[in-house]
Amino acid sequence: MRRTAALVTVLLATSLGLAACGGNVKVNFDKNGREKACTALGSVSAEVGELTDPDATVGAAQTRLADVERKLVAATDTKTGFTKSVLAPVTGALDSASEKLKDVDPATPVADVPGAAEAQAKVTSAFESANKLFKCG
């Protein structure tokens, strides 16, 4: 789980970092778009937190990663500005984290996967950046 969380963190951080720090990315949400983005991010907050569990297995982490990405993509809405392109950095980070776990035995503790901790940290950072970008409470 720790590695999965790290991977998720890496993905989210990368996604949000690009949007927040790049200066070229502008997010112009109306009130409904901001609320929808924050609701979507809040709906996966617990799962992102579970990804940092040091006792998690690769199989459990892979399930969480897929669930987080599915929920965020399902929440996109071009009418509110919460679009797939806005989430691209986050979903990209999730995909990268999943890739690290792809060929690992599902029963393996995430803590035993090389590079998982760094990936978890990046996913966490990206998630936090996304919350800041959308000004979620």
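The values are calculated or read from the model by the stated rules, or taken from the named source; none is laboratory data. Quick caveat, the model's predicted, so the values are computed rather than measured. We place every Cβ from the backbone using ideal geometry, glycine too, and count neighbours over all the protein chains shown.
General observations
- Within segment 83-118, the residues that satisfy the criterion of being among the small types (Gly, Ala, Ser), out of contact with any Ser or Thr (no Cβ under 7 Å at 6 or more places or on another chain) and within 14 Å of Val68 (Cβ to Cβ) are Ser96, Ser98.
- Members of segment 44-87 that are among the polar types (S, T, N, Q) and in contact with a helix residue (DSSP H, G or I) (Cβ under 6 Å, 6 or more places away or on another chain): Thr52, Gln62, Thr76, Thr80
Yes/no per residue for (1) modelled with pLDDT of 80 or more; (2) under 14 Å from the mean Cα position of the chain (by Cα):
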residue	(1), (2)
Ala66	yes, yes
Leu72	yes, yes
Thr80	no, no
Leu87	no, yes
Ser98	yes, yes
Lys102	yes, no
Thr108	yes, no
Pro114	yes, no
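- Among the residues of segment 82-97, those that are more than 11 Å from Val123 (Cα to Cα) and surrounded by 19 or more Cβ atoms within 10 Å (Cβ to Cβ) comprise Phe82, Val86, Leu87.
- Here Gln62 meets the list (1) in a helix (DSSP H, G or I); (2) polar (S, T, N, Q); (3) farther than 27 Å from Ala111 by Cα almost entirely, failing just condition (3).
- When the residues of segment 86-133 are filtered to those that are of a type in the set (Lys, Arg) and assigned to a helix (DSSP H, G or I), the one that is nearest to Thr57 (Cα to Cα) is Lys100.
- Check on Thr57, crowded, with 19+ Cβ neighbours inside 10 Å and in contact with a strand residue (DSSP E or B) (Cβ under 8 Å, 6 or more places away or on another chain): yes
- Checking each residue in segment 70-80 for being closer than 14 Å to Thr39 by Cα and either of a type outside the set (D, E, K, R) or surrounded by 18 or more Cβ atoms within 10 Å (Cβ to Cβ) (or both) picks out Leu72, Val73, Ala74, Ala75, Thr76, Thr80.
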